[in-house]
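Where a number appears in this text, it was derived from the coordinates with a stated rule and is not lab data. The structure displayed is predicted, hence computed values, not measured ones. Methodologically, a virtual Cβ is constructed for each residue, glycine included, from the backbone with ideal geometry; neighbour enumeration extends over all protein chains shown.
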Amino acid sequence: MIVVDTNVIAYFWLPGEYTTYAERALSKDNEWAAPILWRSEFRNILAGYMRRKNLTIDMAIQLVEHAETQMKGREYIVESGRVMSFVEMSSCSAYDCEFVALAEDLGVPLITTDKKIIRTFPTIALPLDKFAK
């Protein structure tokens, strides 16, 4: 099992420069976990695609349904005190710290492309491209 941030989930479902890495990461470990927050963040990413006319509403709904199916059973509510302790020791957002806290709680790495998270939490976070090799 690995914790993946929302961008990794989005890279898997939306074609882009990191899609191949996300596909390799899934083949390397198909038990992806994330805080329940990922759903709102993913919907927001899809909203941007819709507003730029890169996705229709039907396509966005289909993508979110597929992603929710993929993540089913591995979505977690993260204890607020844990999140805030990571916020206190960093300049990362509370959103980002949810992923960090979950990874530490589960004792698994957080896979991300966020350089700030990787730099701030090097014992917890791994770059997507390095994990996917």
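In table form, for the structure just shown:
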read-out: Selected residue (only one of Tyr11, Tyr76 is in contact (Cβ under 8 Å) with a residue 60 or more places away in the chain and in contact with a helix residue (DSSP H, G or I) (Cβ under 7 Å, 6 or more places away or on another chain)); value: Tyr11
read-out: Segment 1-44: number of residues that are assigned to a helix (DSSP H, G or I), of a type in the set (A, V, I, L, M) and either surrounded by fewer than 21 Cβ atoms within 10 Å (Cβ to Cβ) or touching a strand residue (DSSP E or B) at 6+ places or on another chain (Cβ under 9 Å) (or both); value: 5
read-out: Tally of residues being in contact with an Asp or Glu (Cβ under 9 Å, 6 or more places away or on another chain), in contact (Cβ under 8 Å) with a residue 40 or more places away in the chain and among the small types (Gly, Ala, Ser) across segment 102-130; value: 0
read-out: Scope segment 57-93; condition under 29 Å from Thr120 (Cα atoms) and aliphatic (A, V, I, L, M); matching residues; value: Ala67, Met71, Ile77, Val78, Val83, Met84, Val87, Met89
read-out: Residue selected from segment 53-88 under the condition crowded, with 16+ Cβ neighbours inside 10 Å and among the β-branched types (Val, Ile, Thr), by the criterion farthest from the chain's Cα centre (by Cα); value: Val87
read-out: Evaluation of Ser91 against (1) buried (at least 16 other Cβ atoms within 10 Å of the Cβ); (2) farther than 18 Å from Ser40 by Cβ; (3) small (Gly, Ala, Ser) (one fails), failing number; value: (1)
read-out: Test: Leu126 is closer than 20 Å to Glu75 by Cα, of a type outside the set (S, T, N, Q) and outside any helix (DSSP H, G or I); value: yes
read-out: Exclusive hit being charged (D, E, K, R) and within 18 Å of Ala22 (Cβ to Cβ), set Glu98, Glu41; value: Glu41
